[in-house]
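Novice: Here's a structure for you.
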Amino acid sequence: MLSFIGRRILIAIPTILLISVFVFFLQKLLPGDPVLALAGEDRNPEILAFLREKYRLNDPLYVQYFTWIGNALQGDLGISLRTQQPVLTLIGQKLPVTIQLALMALVIAVVIGVPAGILSAYRKGTWIDWLANILALSGLSVPNFWLGIMLILLVSVKLGWLPASGYQPFLEDPLQSMRTMLMPAFVLGTGLAATLMRHTRSAMLGVLKSDYVRTARAKGLSETTVVVKHALRNALVPIVTVVTLLFGELLGGAVLTEQIFTIPGFGKLVVDAVFNRDYAVVQGIVLCTAVAFIAMNILADALYRVLNPRMRNS
Amino acid sequence: MSSATEIYETEPLAPRRRSRALAHLLNNPVALFGAALVMFFVITALLAPLLPIPGPAETDWAAVRKAPSAAHWLGTDEIGRDVLSRMIWGAQASLLAGVVSVAIALGLGIPLGVMAGYRRGWTDAVISRITEALLAAPFLILAIALAAFLGPSLRNAMIAIGLSAMPIFIRIARGQTLQVMTEDYVESARAIGLTHGAIIWRYVLPNIFPPLLVQATLTIATAIIAEASLSFLGLGQQPPAPSWGSMLNTAKAFLEQAPWMAMWPGIAIFLVVLGFNLLGDGLRDAFDPRES
């Protein structure tokens, strides 16, 4: 297993390097001189020359790239123009908030999506299957930021049950923190629940037709045992890997969800950076999410091998 | 009759599959419902200039934030503009964004994917690594970053979404081309000395078309949501030009006073995206009945 993971990491290195090239040149595509933006109102040629020298903008592009990637490898992704803090520190500060949101959303998605998928597969062709499919497709089609706005309107404005915004750090007051995150997590979780339901349904359909399920039934086992112990256990393999791969969707969704519920997380950091033309932060974020996404992919493959004994020796 | 056309005629896969798929699609009421939803929005968007509605930027200060009524069927917004009119004109932006960004993704993705699958070797290695790198960045984050670097406008949002959606088309086109290249009819076409261009045009493209069509339909749905998301964040269509995403952005500030401002654009996005998703699912079932 270790050699498998090691091999996958080696394969990932060129991909990460390519992403870094892409992220680096993204900024170079920008129209206008970055030094003018840095200098602000001050157009004194000496200051401009000093800044060019300081940020090594007179170096050839490839030298600039290697300096940048060299620093990045040492954990230095540059300084945020707006807050003057290191980009990595900023990301480190905001990430726990988003991780809490993502985990809660994932729990909601699993709790809704997996049972719905099992039921839908088990009752294939009935109205339950039909309803579950319609709901899943609706979940995939509804823009989650609109769902968030509608929930704020209903749950916060009309009913006054949950706060519309505000964030409470988990470690300070766990209960209140969960309460404020419940609505955003639900919004983020519904789309994922829909994806999960569709994958669970198709995995279960495959398994329910298999010989070992027929054998289990022939042995006279109860339906619950057949479905839960024999079918679900096998269907779980692809489901677990799908959950791991939902990471990208979670991060993308978090950008809008955090914006609507004013949660000071990773997503809000992206939007703020974009609007403040804080390009070092945007670059850092794209690079970090891509690396994390690749790591999740490797984890998904590793989990797949752990859960599926047939894959282990191949 | 030339030998090339003979080969085409002895290669019945693509045309026969297409007519069988069409029959399958026409027998699928859910997919037809999806198609009808899409058609409804397309026709409404196209007819916008002819409909008896106020202009999308026309303000009526005597009717600011008015609830739906006979005069304004879907109500008015914060500066007295007719919400229905802005919805109908906004449909143009959303549909245009969906179609143009997918056209960009297809226009770049198919040539690159086919080239990788057809030439293999180094070309394939380079294109595949770039595709993997692009696929590693989450779709919406990549689109937001690109839109931010390109500057906020509907055109740039479409380019950003198109580029972010491109890698999936490269991957599908490549995989399908690799598969088609192993078929006997391609072998025969090579044997009779057809040029690479002719082989690609006559044999590869028609046969890799179905999965690309399915993906394109589903990606239009994703692209419409992405455009709405970018406009919601202020990175897409710029005010006062109407777009469903920017209407939602404004509506958020008036949730208590004018909830209808937030309701309609969301319902419209939901319905048009649902339409494309149903149609895409239907097309997938039609081209590959085993999946259904």
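Laboratory data are not the source of any read-out in this text; all were calculated from the coordinates shown. Everything numeric in this text was worked out from a predicted model, so none of it was measured. FYI the Cβ positions are ideal-geometry reconstructions off the backbone, even for glycines, and counts take in every protein chain you see.
Novice: Out of A:Y304, A:Y62, A:Y167, any idea which swings most in a Gaussian network model of chain A, alpha carbons joined below 10 Å?
Specialist: A:Y62
Novice: Would you mind working out the magnitude of the charge dipole of chain A relative to its Cα centre, with +1 at each Lys and Arg C-beta and -1 at each Asp and Glu C-beta, to the nearest 20 Debye?
Specialist: Details: 26 positive and 17 negative charges, 336 e Å.
That gives a dipole near 1620 debye.
Novice: I'd like the orientation of helix A:233-245 relative to chain A: the angle between its Cα long axis and the longest Cα principal axis, in ° from 0 to 90, rounded to 10.
Specialist: 20 degrees
Novice: What are the equivalent ellipsoid semi-axes of the stretch B:185-292, built from the alpha-carbon gyration tensor (square roots of five times its eigenvalues), in whole angstrom, biggest first?
Specialist: Numbers: eigenvalues 390, 59, 9 Å².
For the stretch B:185-292, the ellipsoid semi-axes come out as 44, 17, 7 Å.
Novice: Could you tell me how many degrees, from 0 to 90 and to the nearest 10, lie between the Cα long axis of helix A:127-141 and the main elongation axis, the longest principal axis, of the Cα atoms of chain A?
Specialist: Between helix and principal axis, roughly 0 degrees.
Novice: Hey, another quick one. List the residue ranges in chain B for DSSP H helices whose C-alpha atoms run 24 angstrom or more along the long axis and whose Kyte-Doolittle average is 0.0 or above.
Specialist: Details: long enough: B:29-47 (26 Å, 2.48); B:83-119 (53 Å, 1.37); B:154-181 (39 Å, 0.92); B:205-233 (40 Å, 1.40); B:260-287 (40 Å, 1.21).
Helices meeting the span and hydropathy rule in chain B are B:29-47, B:83-119, B:154-181, B:205-233, B:260-287.
Novice: Tell me, A:S210, B:S231 in order of fewest to most beta-carbon neighbours within 10 Å? Intermediate values should be presented prior to the final figure.
Specialist: On the way: A:S210 14, B:S231 31.
Fewest to most other Cβ atoms nearby, the residues stand as A:S210, B:S231.
Novice: About the Cα centre of the stretch B:148-292, how large is the charge dipole given +1 on each Lys and Arg Cβ and -1 on each Asp and Glu Cβ? Please answer in debye to the nearest 20.
Specialist: Working: 8 positive and 9 negative charges, 71 e Å.
For this selection, approximately 340 debye.
Novice: Order these by the 10 Å Cβ neighbour count, fewest first: A:D59, A:D211.
Specialist: Values: A:D59 14, A:D211 7.
If I rank by nearby Cβ atoms, fewest first, I get A:D211, A:D59.
Novice: For chain B, what is the largest minus smallest coordinate of the Cα atoms on each principal axis, given in angstrom and ordered from greatest to least?
Specialist: Principal-axis extents of the Cα atoms in chain B, largest first: 76, 43, 32 Å.
Novice: Got a sec? Charge dipole of chain B, +1 on Cβ for Lys and Arg, -1 for Asp and Glu; which of B:P167, B:P152, B:G98 is way out at the positive end?
Specialist: So the residue furthest toward the plus end is B:P167.
Novice: Along the Cα→Cβ direction, 7 angstrom out, place labels at A:V21 and B:L47. What is the inter-label distance in nm?
Specialist: Each label point lies 7 Å from its Cα, and together they span 5.2 nm.
Novice: Kirkwood hydrodynamic radius for the stretch A:54-116: how many Å is it when counted over pairs of different Cα atoms?
Specialist: 14.8 Å is the Kirkwood radius here.
Novice: Moving on. Assign unit charges at the C-beta atoms only (+1 for Lys and Arg, -1 for Asp and Glu), then state the dipole size of the protein assembly as shown relative to its Cα centre in Debye, rounded to the nearest 20.
Specialist: Numbers: 45 positive and 36 negative charges, 340 e Å.
For the protein assembly as shown, the charge dipole is close to 1640 debye.
Novice: If you don't mind, there's one more thing I want to ask. Does anyone have the angle between helix A:45-54 and the longest principal axis of chain A? Alpha-carbon axes, 0 to 90°, nearest 10?
Specialist: Tilt relative to chain A: about 50 degrees.
Novice: At 0.36 nm per residue, and after removing the present C-alpha to C-alpha distance, how many nm does the segment from A:L131 to A:V157 gain when stretched out fully? Mind showing how you got there, number by number?
Specialist: Numbers: separation 26, 0.36 × 26 = 9.36 nm, distance 2.98 nm.
Computed gain between A:L131 and A:V157 is 6.4 nm.
Novice: How large is the convex hull of the Cα atoms of the stretch A:104-188 per residue, expressed in Å³ as a whole number? Don't skip to the end; give the middle numbers.
Specialist: Values: hull volume 8.6 nm³, N = 85.
That works out to 101 Å³ per residue.
Novice: Quick one: Cα centre-to-centre distance for the stretch A:44-91 and the stretch A:142-181, in angstrom?
Specialist: Taking the Cα centre of the stretch A:142-181 as reference, the centre of the stretch A:44-91 is 39 Å away.
Novice: Quick one, can you get me the convex hull of the C-alpha atoms of the stretch A:1-145 expressed as volume per residue in Å³?
Specialist: Values: hull volume 31.0 nm³, N = 145.
Considering the Cα atoms of the stretch A:1-145, their hull volume per residue is 214 Å³.
Novice: Still on this model: Please identify, among A:R56, A:R233, A:R43, the residue showing maximal mean-square fluctuation in a Gaussian network model of chain A using a 10 angstrom Cα cutoff.
Specialist: Result for chain A, Cα springs under 10 Å: A:R43 fluctuates most.
Novice: Still on this structure: If one puts a single equal scatterer on every Cα of the protein assembly as shown and applies the Debye formula without solvent, what log₁₀ I(q)/I(0) results at q = 0.10 Å⁻¹?
Specialist: Per q value, in the given order, log10 I(q)/I(0) is -1.02.
Novice: Pairs A:K94/A:K268; A:K124/A:K219; A:K28/A:K268; A:K124/A:K209; A:K209/A:K229; A:K158/A:K268: which exceed 20 Å Cα-Cα? It would help to have the intermediate numbers written out before the result.
Specialist: Working: A:K94/A:K268 9 Å; A:K124/A:K219 23 Å; A:K28/A:K268 24 Å; A:K124/A:K209 12 Å; A:K209/A:K229 15 Å; A:K158/A:K268 26 Å.
With Cα atoms farther than 20 Å apart: A:K124/A:K219; A:K28/A:K268; A:K158/A:K268.
Novice: Another question, if that's okay. Given the -39500 (n - 2.57) contribution per DSSP H run of 4+ residues, what per-residue ellipticity at 222 nm results for chain A, rounded to the nearest 500 deg cm²/dmol?
Specialist: Values: 14 runs with 228 residues, N = 314.
Calculated mean residue ellipticity at 222 nm is -24000 deg cm²/dmol.
Novice: Return the FRET efficiency for the residue pair A:I5, A:L245: r is the Cβ-Cβ distance, R0 is 25 Å, and the value is rounded to the nearest 0.05. Please list the in-between numbers first.
Specialist: Details: r = 17 Å, r/R0 = 0.67.
Result of the calculation: an efficiency of 0.90.
Novice: Report the one residue of A:N234, A:F293, A:Y279 whose Cα lies farthest in the direction of the positive end of the charge dipole of the stretch A:226-314 (charges on C-beta: Lys and Arg +1, Asp and Glu -1; origin at the Cα centre).
Specialist: The Cα lying farthest towards the positive end belongs to A:N234.
Novice: A follow-up question, please. Spin-label point model (7 Å from Cα, Cβ direction): what's the A:F275 to B:A57 distance in nm?
Specialist: Simple spin-label model gives 2.3 nm for this pair.
Novice: Moving on to the next point. Where the centre of each part is set by its Cα atoms, how far does the stretch B:22-41 sit from the stretch B:118-137, in angstrom?
Specialist: 35 Å
Novice: List the pair-distance distribution P(r) of chain A, using every Cα-Cα distance, as the percent of pairs falling in each 20 Å bin from 0 up to the bin containing the longest distance, rounded to whole percents.
Specialist: Percent of pairs per bin, in order: 26, 48, 23, 3, 0.
Novice: What value in Å³ per residue do you get for the convex hull of the alpha-carbon atoms in the stretch B:136-216?
Specialist: On the way: hull volume 9.0 nm³, N = 81.
Taking the convex hull of the Cα positions in the stretch B:136-216, it is 112 Å³ per residue.
Novice: Now a separate question. Using only the alpha carbons, work out the radius of gyration and Dmax of the stretch A:205-280 in angstrom.
Specialist: 21.9, 66
Novice: Label points 7 Å out from Cα along the Cβ direction at A:K219 and A:L61: separation in nm?
Specialist: Going from the A:K219 label point to the A:L61 one covers 6.5 nm.
Novice: Could you please state, rounded to a whole Å, how far the C-alpha centre of the stretch A:223-299 is from the C-alpha centre of the stretch B:213-234?
Specialist: 18 Å
Novice: Among B:W73, B:W244, B:W89, which one shows the biggest mean-square fluctuation in a GNM of chain B, springs joining Cα atoms closer than 10 Å?
Specialist: Its mean-square fluctuation being the largest, the pick is B:W73.
Novice: For A:D76 and A:I99, what does the FRET efficiency come to when R0 = 25 Å and r is the distance between their Cβ atoms, rounded to the nearest 0.05?
Specialist: Values: r = 23 Å, r/R0 = 0.92.
For R0 = 25 Å, the calculated efficiency reads 0.60.
Novice: Oh, and also: How high is the relative contact order of chain A, in percent, with contacts defined as C-alpha pairs under 8 Å that are six or more residues apart? Walk me through the numbers before you get to the answer.
Specialist: Working: 341 pairs, mean separation 76.5, N = 314.
After rounding, I find 24 percent.
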